[in-house]
Amino acid sequence: MRSLLFVPADGGPKLDKAMASGADAVIIDLEDSITPDRKPAARAACLEFLKSAQPKTQRPRLLVRINGLDTAMTDADLDAIVAGRPDAVVFPKAEGGASAVHLDAKLTAREAIAGLPEGSIKVLAQAVESAAGLFLAGTFRDASKRLIGMTWGPEDISAELGAEANRDEHGMLTEPYRLARNICLYGAAVAKIPAIETVYVDFRNTEGLRRDTEAARRDGFTGRLAIHPAQVPVINDVFTPSAEQIEKAKAVIAAFAAQPGAGAVGIDGKMYDRPHLVRAQALLARTKG
């Protein structure tokens, strides 16, 4: 998934616009964008939308961001939406592998009640949204087969720290949040799942979004969260491998295939070793996904 677009569960027409945005995934939000008094109606709206949209053959993936385990609202969210068969839930403040095991058990019980195959609803973990989450980000490996990715969020962390801002006057992340971003990358690598970059909140700043997203791709993220449909084309463009990148990856793979025992191969006067092969294989796998 290159682009994952948030939309409030009670957004009405915004849900239809999100579906037509070109995003690879639409995240129907029951958490931050929904005030407590609106939660019950938003759950009902979410289920109704899932039931209407899920059967469509040409559609983005449908994810639902539930409320975290520390809110006492997780069960009500799951009770309301599992019957709508979302492709995945977004798990906020997922603090380590134990929390993933906990959510997995909740989903398993509700899948059985709804007559769904066990494991059919996947999980995207917002694993680095708190100080505790940062220290536990390396513990997700083998915690749940449902895990399809890991992301992070500077807003909740900055609130927890009491920080004035998480970006400087140039729009660059400050040091505490660069650390959190990096921990997300490493945590995802340990768990062997994709790392998804967080939102870029200055949604009217297209140049800044592109620059920041190119840096995310460079560093190893494979997709990005979005908060406005206008961000989707930029994110998709940045995370879509170019024809040149695809041809280079194919050349690297072909060279190693021709020399199965080689630790390194030469292509056009340059040496490529096994890590280059792994990166080439991963790039081609993304073009097929």
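The values are calculated or read from the model by the stated rules, or taken from the named source; none is laboratory data. This one's a predicted model, so the numbers in the text were calculated from it and none came from an experiment. Every residue, glycine as well, gets a Cβ built from its backbone with ideal geometry; the counts of neighbours run over all protein chains shown.
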remark   = Exactly one of Arg210, Arg224 is at negative phi, of a type in the set (Lys, Arg), touching a residue at least 12 places away in the same chain (Cβ under 8 Å) and crowded, with 23+ Cβ neighbours inside 10 Å, and that one is Arg224
inquiry  = Checking the conditions here, which among Arg110, Arg146 is under 20 Å from Ala191 (Cβ atoms), in contact (Cβ under 8 Å) with a residue 24 or more places away in the chain and crowded, with 16+ Cβ neighbours inside 10 Å?
reply    = Arg146
query = So, in the stretch 169-198, of the ones that are β-branched (Val, Ile, Thr) and surrounded by fewer than 18 Cβ atoms within 10 Å (Cβ to Cβ), which residue ends up nearest to Ala25 (Cα to Cα)?
reply = Val190
inquiry  = Name the single residue that is nearest to Trp152 (Cα to Cα) among those in the stretch 227-256 being among the polar types (S, T, N, Q) and surrounded by fewer than 17 Cβ atoms within 10 Å (Cβ to Cβ).
reply    = Thr240
ask   = Among (1) at pLDDT 95 or above; (2) under 28 Å from Val7 (Cβ atoms), where does Phe203 come up short?
value = (1)
request  = Evaluate the stretch 264-281: report whether one residue or more is of a type in the set (Gly, Ala, Ser), touching a Pro at 6+ places or on another chain (Cβ under 9 Å) and under 30 Å from Asp24 (Cα atoms).
outcome  = no
message = Condition first: under 22 Å from Ile28 (Cβ atoms) and part of a loop (DSSP other than H, G, I, E, B). Now tell me which residues in the stretch 94-126 satisfy that.
response = Ala94, Gly115, Leu116, Pro117, Gly119, Ser120, Ile121
ask   = Where residues in the stretch 48-93 are of a type in the set (Val, Ile, Thr), outside any helix (DSSP H, G or I) and without any contact (Cβ under 8 Å) to a residue 60 or more places away in the chain, which of them is farthest from Arg38 (Cα to Cα)?
value = Thr57
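Every residue, every condition in (1) surrounded by fewer than 22 Cβ atoms within 10 Å (Cβ to Cβ); (2) small (Gly, Ala, Ser), yes or no:
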{"position": "Lys51", "(1), (2)": "yes, no"}
{"position": "Thr57", "(1), (2)": "yes, no"}
{"position": "Asp75", "(1), (2)": "yes, no"}
{"position": "Ala83", "(1), (2)": "yes, yes"}
{"position": "Gly96", "(1), (2)": "yes, yes"}
{"position": "Ala105", "(1), (2)": "yes, yes"}
{"position": "Gln126", "(1), (2)": "no, no"}
{"position": "Gly133", "(1), (2)": "no, yes"}
{"position": "Met150", "(1), (2)": "no, no"}
key: Criterion: in a helix (DSSP H, G or I) and in contact (Cβ under 8 Å) with a residue 12 or more places away in the chain - qualifying residue of Ala180, Ala159, Ala215   = Ala180
